[in-house]
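Note sheet for the following structure.
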Amino acid sequence: MSASTRFSVAVHLLCALAWLGEQGATSAELAESVNTNPVVLRRILGQLAEAGLVQGQPGRRGGYTLGKRPERISLRDVYRALGESGPLALHEHPENEACPVSCGIKPLLGGVLERADRALQDELARTRIADLVGRMAARG
């Protein structure tokens, strides 16, 4: 079990597109920035496009630009566009009715995980793509 890196890759892509402005980039150019294969990025770009965060055409001659101004794209928007469901999840094993822990853990832990996910999304809502790009530009 490993943490999903799709979110950080998606933020990387959006920051790169914001940095480039109207010029945009192909998936091959974006793949150079992320240092991966363009095929890896196309699914993420597709999800971002469905959410209106990027626009463009896939393929050899296609290219991508931001679908919204970077000031209007929060990290929560990215999180939701990818269909993320939180970094933690309940296991799906059936309950052992003879065990009080097995019967009680899911409802109790489920509430904790829901509150943690809400806190995560609230934090992500505070940061915009423009904030990150501005910090990069300030670094020189």
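The values are calculated or read from the model by the stated rules, or taken from the named source; none is laboratory data. Note that the structure is a prediction, hence the values are computed from the model and not measured. Positions of Cβ are generated from backbone atoms using ideal geometry, with glycine treated the same way; all protein chains shown enter the neighbour counts. Note: areas computed on protein heavy atoms with side chains; ligands, DNA, RNA excluded. Shrake-Rupley method; radii C 1.70, N 1.55, O 1.52, S 1.80 Å.
Some notes on this structure:
- Solvent-accessible area, 1.4 Å probe, carbon plus sulfur percent, for the chain: 51
- Between 0 and 90°, nearest 10: helix 129-139 axis offset from the chain longest Cα axis: 60
- Convex hull of Cα atoms in segment 99-139, direction-averaged projection (nm²): 3.9
- Value at 222 nm in deg cm²/dmol, rounded to 500, when DSSP H runs of n ≥ 4 in the chain each add -39,500 (n - 2.57): -18000 deg cm²/dmol
- Applying the Karplus relation 6.51 cos²θ - 1.76 cosθ + 1.60 with θ = phi - 60° to segment 94-104 yields 3J(HN,Hα) values of x, 6, 9, 4, 7, 10, x, 5, 4, 6, x Hz, where x marks Gly and Pro.
- About the centre of its Cα atoms, segment 5-113 shows a dipole size close to 380 debye [charges on the beta carbon of Lys, Arg (+1) and Asp, Glu (-1) only; nearest 20 debye].
- Excluding ligands, DNA and RNA, the accessible surface per residue across the chain is 66 Å² with a 1.4 Å probe.
- The chain: most fluctuating residue of Glu95, Glu50, Glu22 per GNM, C-alpha cutoff 10 Å: Glu95
- Modelled label reach - His93, point 7 Å along Cα→Cβ, segment 1-45 residues with backbone N closer than 18 Å: 1-2
- Ranking Val133, Val11, Leu41 by Cα position along the charge dipole of the chain, where only Lys, Arg, Asp and Glu carry charges on their C-beta atoms, puts Val133 farthest toward the positive end.
- Shown here: P(r) over Cα pairs in 5 Å bins from 0, in percent, derived from the displayed model; of the candidates (1) 2, 10, 22, 26, 23, 12, 4, 1, 0; (2) 2, 9, 17, 18, 16, 11, 8, 6, 5, 4, 2, 1, 0; (3) 2, 8, 12, 15, 17, 18, 17, 10, 1, 0, it corresponds to (2).
- Projecting label points 7 angstrom from Cα along Cα→Cβ for Glu123 and Lys106 puts them 2.8 nm apart.
- Ranked by the mean number of other Cβ atoms within 10 Å of their residues, highest first, the peptides 31-38, 98-105 come out as 31-38, 98-105.
- Protection proxy ranking, peptides 71-80, 9-18, average beta carbon neighbours within 10 Å, highest first: 9-18, 71-80
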